[in-house]
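No lab work stands behind these numbers, since they all come straight from the coordinates. Note that the structure is a prediction, hence the values are computed from the model and not measured. Don't worry about glycine lacking a Cβ; one is built from the backbone with ideal geometry, like all the others, and counts go over all protein chains shown.
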Amino acid sequence: MNILVPFDFSKASEAALKYAIWLAKATKRKIKVLHALPQVFIGPEFPMVLPDVDMVKKSKKQVIQIAKKISGHYDFTISDKDIEVTVGGPVSLILTKEASNTDLIVMGTHDKESLLDKILGSVSNTVIKLSN
């Protein structure tokens, strides 16, 4: 069984990673961590930026650092090759990973959703509805 943990640097995703580590240790399974970068960044200092190779590398380095810190506290190893940072919509990336050798998805949910999230549905709700 492979466990997929979508990771977005939130407290909820850190809690999901901790739970996935506990579960992986109890069942002797492997964890894959996935971070999705949005296809376009929009902010006050830059009107529109497409993620480039450097942004992906920087994000992967940050995810590796956090995952190793958390897994180290629980005497569990997550290898660099089991951490993926890619560009795209989180729902489609999670469902694509789920279809390819993932048995379980462990993800957090934010308790403060915007009105738009409540109308359209959050990433976790959409994944629950569409995953196997």
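Take each of the peptides 84-96, 66-78, average the number of other beta-carbon atoms within 10 Å over its residues, and list them starting from the highest. Kindly include the intermediate steps, with their values, before the conclusion.
Numbers: 84-96: 17.2, 66-78: 15.5.
Descending packing order for the listed peptides: 84-96, 66-78.
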Under 12 Å by backbone N from the virtual spin label 7 Å along Cα-to-Cβ at S92, the residues of the range 18-39 are 39
Once both labels are modelled 7 Å past Cα along the beta-carbon direction, what's the K25-D82 spacing in nm?
1.3 nm
What is the set of long-range amide H partners of V85 at a cut-off below 5 Å, with H atoms built 1.01 Å from backbone N?
H35
So which of K28/K97; K28/K58; K25/K57; K11/K57; K57/K81 end up more than 25 Å apart, counting from Cα to Cα?
K28/K58; K25/K57
If you plug each phi of the range 92-97 into the Karplus form 6.51 cos²θ - 1.76 cosθ + 1.60 with θ = phi - 60°, what whole-Hz ³J(HN,Hα) values come out, in order, with x for Gly and Pro?
5, 5, 5, 5, 5, 5
